[in-house]
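K.L.:
Pasting a structure below so you can have a look.
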Amino acid sequence: MSLIVQKYGGTSVGSIDRIMNVADRVIATRKEGHDIVVVVSAMSGETDRLLDLAKEISDRPSGRELDVLLSTGEQVTIALLSMALEKKGFSALSYTGAQVYIRTDSVYNKARIIDIDGARVNKALHEGKIVVVAGFQGSDEHGNITTLGRGGSDTTAVAMAAALKADECQIYTDVDGVYTADPRIVPEARLLTRMTFEEMLELASLGSKVLQIRSVEFARKYNVKLRVLSAFTNNPGTLITAEDEENMEQALISGVTYNRNEAKLTIVGVPDKPGIAFKILGPIADANIEVDMIVQNVGEDNTTDLTFTVNRNDFENALDILKNTAVEMDARDVKGDKRIVKISVVGVGMRSHAGIASEMFKALADEGINIQMISTSEIKISVVVDEKYLELGVRTLHSAFGLENNTSPGGE
Ligand code: ADP
Ligand code: ASP
Ligand code: MG
């Protein structure tokens, strides 16, 4: 008997009807003779609703209490799905993350999974149960409830699949798989039928929220066969594996992504001396805030400006820290801007091709889109632009690189 982990996202469990539909899909897989662990998200909009409730009380609620609150969303869906399965005549058991020993570190709101003890799940499977596990949550060594960051149910599913040595991890969502760009923004985007972990890692790290990045990291590390597919159709979706044997010829660009969850901070007029980047960014790192892009400009008066981006959720904290640093370092000013987005083009084929960056900048310039920051790596180029250019920028680049009709890895 093979073991399959299926994860259903918020839209897929967004109403009682949809939960019944998920139950039918789970049962169909069961009838094929597989053992099944189902991981579910909260009903769509629920995590946001809970966040808003907390914000009505405080701008910065305690991380611990926020996780106690946010984890309730998934607790609702595990119970409802288990009831739906029972109603349809199949025996199911629901578990919260803590109940199946999803052990995490103690970084509330963005905890990392350290270990999963699969014993309890295995026991239930051996008893013939369909196991339904709450995504997005775990508990730390002291038993405190933690959550894994937005989109974290993907990571629960892949980590479960790795821990239980499942044959496949299927991520059911509201689109047919992974596309060359977000199909909601670029209707012409093309479905990728196969891709490598490496490519998916880049797409996810640059903001494509179809999979949480940590889930792809787990899949790569433990070589979990990962598939992204729709909970509403019967299409085969996108298969993500270590080697893309059928398509070893890599396309130049595999996709265009955007991230609207970043914010930009600038410290202006810092006396230019060795060690300033460390002095500015050290306290930010100490507060567990990840910095993404960094640009430093040296002015003529021997001072420097340093601009960097952080997750929007960390913006207020980072701004406070930066203001303190500015006083200590005698800087002229501190500025913050939340109205930005990062747009990236990704492709492993970029390694061997010059000129992609200039093509990208020209395409944006032709549309009058001003670039505020740039960062490049071997296989991606990212720019920060005003958020009002999000749609235009993504569509422009998708068509500039001919993604609708070239053959890219996984393209049909
Ligand atoms: P779920 O609730 O199932 O976890 P998400 O909203 O987290 O679903 O992720 C699915 C969404 O990801 C899609 O609705 C789509 O708008 C978005 N998305 C962004 N980039 C891509 C991409 N390259 N391919 C497919 N979907 C993408
Ligand atoms: N419910 C959580 C969120 O909205 C986790 C998830 O859906 O993956 O981010
Ligand atoms: Mg998601």
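K.L.:
Pull up the cross-link candidates among the lysines for Lys342, meaning alpha carbon to alpha carbon under 25 Å and not fewer than 8 places away within one chain.
P.N.:
Lys110, Lys209, Lys264, Lys323, Lys362, Lys380, Lys388
K.L.:
So how tilted is helix 356-366 from the main axis of the chain? Cα-based, degrees 0 to 90, rounded to 10.
P.N.:
Long axis of 356-366 versus the principal axis of the chain: about 80 degrees.
K.L.:
Using the Kirkwood radius built from alpha carbon pairs, what does the Stokes-Einstein equation give as D for the range 298-412 at 4 °C and 1.567 mPa s, in µm² per second? Mind dumping the intermediate values first?
P.N.:
Details: Rh = 16.6 Å.
Using the Kirkwood radius from Cα pairs, D works out to 78 µm²/s.
K.L.:
A further question on this structure: Give me the Kirkwood hydrodynamic radius of the chain, using the inverse of the mean 1/r over all pairs of distinct Cα atoms, in Å to one decimal.
P.N.:
Values: mean 1/r = 0.0443 Å⁻¹.
In the chain this quantity evaluates to 22.6 Å.
K.L.:
Where the centroid of each part is defined by its Cα atoms, how far is the range 86-116 from the range 147-190 in Å?
P.N.:
Cα centres, the range 86-116 to the range 147-190: 18 Å.
K.L.:
Under a plain spin-label model, where a point goes 7 Å from the Cα along Cα-to-Cβ, how far apart in nm are Ile16 and Val76?
P.N.:
1.4 nm
K.L.:
Report, to the nearest 10°, how far helix 315-329 tilts away from the longest principal axis of the Cα atoms in the chain, using its own Cα long axis and a range of 0 to 90°.
P.N.:
Tilt of helix 315-329: around 30 degrees.
K.L.:
Here's something else I'd like to know. Run through the range 65-103 and list the trypsin sites (Lys or Arg not before Pro) located in a DSSP loop whose Cβ has at most 14 other Cβ atoms within 10 Å.
P.N.:
Details: sites: Lys87, Lys88, Arg103; in loops: Lys88.
Loop-located and lightly packed - Lys88.
K.L.:
Same structure again: Name the aspartates and glutamates eligible as straight-distance cross-link partners of Lys129: C-alpha to C-alpha under 16 Å, and not fewer than 8 places from it in the same chain.
P.N.:
Result set, ordered by chain and number: Asp24, Glu32, Asp35, Glu86.
K.L.:
State, as an integer percentage, the relative contact order of the range 1-156 based on alpha-carbon contacts under 8 Å between residues 6 or more apart.
P.N.:
Values: 319 pairs, mean separation 38.9, N = 156.
Relative contact order of the range 1-156: 25 percent.
K.L.:
For the chain, modelled as a GNM with alpha-carbon contacts under 10 angstrom, which of Asp140, Asp333, Asp154 fluctuates the most?
P.N.:
Between Asp140, Asp333, Asp154, it is Asp333 that shows the largest mean-square fluctuation.
K.L.:
Can you pull the percent of the range 235-373's accessible area that's carbon plus sulfur, 1.4 Å probe, other chains left in place? Don't jump to the answer; show the numbers that get you there.
P.N.:
Working: 3260 of 7140 Å².
On the range 235-373, the fraction of accessible area on carbon and sulfur atoms equals 46 percent.
K.L.:
Same structure, new question: Say we join alpha carbon atoms closer than 10 Å with springs in a Gaussian network model of the chain; which of Lys362, Lys338, Lys123 then has the biggest fluctuation?
P.N.:
Lys123
K.L.:
With every protein chain present, what is the per residue accessible area of the chain (1.4 Å probe, Å²)? Let's see the in-between values first.
P.N.:
Numbers: 18530 Å² over 412 residues.
Here the residues of the chain average 45 Å² of exposed surface.
K.L.:
Still on this model: Filter the chymotrypsin sites (Phe, Trp or Tyr not before Pro) in the range 151-252 down to the DSSP loop ones having no more than 16 other Cβ atoms within 10 Å, then list what survives. Please list the in-between numbers first.
P.N.:
Details: sites: Tyr172, Tyr179, Phe197, Phe218, Tyr222, Phe232; in loops: Phe232.
Loop-located and lightly packed - Phe232.
K.L.:
Mind checking which of Phe90, Ala287, Ser382 is farthest towards the positive end of the chain's charge dipole, using Cβ charges of +1 (Lys, Arg) and -1 (Asp, Glu) about the Cα centre?
P.N.:
After comparing all options, I get Phe90.
K.L.:
GNM, the chain, Cα, under 10 Å: largest mean-square fluctuation among Gly63, Gly355, Gly336?
P.N.:
Of the options given, Gly355 has the highest mean-square fluctuation.
K.L.:
Right, next: Could you tell me the center-to-center distance, by alpha carbons, between the range 272-294 and the range 341-388 in angstrom?
P.N.:
The range 272-294 and the range 341-388 have Cα centres separated by 25 Å.
The values are calculated or read from the model by the stated rules, or taken from the named source; none is laboratory data. Computed from a predicted structure; not experimentally measured. Please note: Cβ atoms are built from the backbone with ideal geometry, for glycine as well, and neighbour counts cover all protein chains shown. Each accessible area value is taken on the protein alone, full model and side chains, heavy atoms only, with ligands, DNA and RNA left out. Shrake-Rupley method; radii C 1.70, N 1.55, O 1.52, S 1.80 Å.
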